[in-house]
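Since every read-out is calculated from the coordinates, none of them should be taken as a lab result. Since we're looking at a predicted model, the values are computed, not measured. Glycine also receives a Cβ, built like all others from the backbone with ideal geometry; neighbour counts cover every protein chain displayed.
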Amino acid sequence: MPKVIVFDRPMCCSSGVCGPEVDPMLVSFSSDLLWLTRQGVEVERLNPAQQPEAFAASPLVRQELNAHGAACLPVVAVDGNVVSRGTYPTRAALAGWAGVPGETLPELPVMKTGCCNGDPSGDSTGRSCG
């Protein structure tokens, strides 16, 4: 199986799924990486704020940063080859690059940010969120 390495943007925690305003794209991406791992793919995720030494020690990410600046983050590499930069790829893209059949598990829906999917009047159970 291939090895997928994600060189993240600086985030407060290892996955970015923390704090009061969680980016729903990061939730989906974290889930997709977990899914890849369960398919037998080796996945490594490096955050410069959490693992600065490991991040800086990679010639691949140094080359990307020199060529494209910080806007290239996140950089996704499969077996040492950059397959994506500047955006978090979909599960289908990750599966394709890793050679994993994508139909094993459907993509998770991306939810709107905030409490109650962004609706301060309440959630599906009628609870008020505001």
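So the values come out like this:
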quantity	calculated
Local net charge near residue 71, Cβ-Cβ under 10 Å (Lys/Arg +1, Asp/Glu -1)	+2
Peptides ranked, highest mean first, by Cβ atoms within 10 Å: ranges 35-43, 50-58	35-43, 50-58
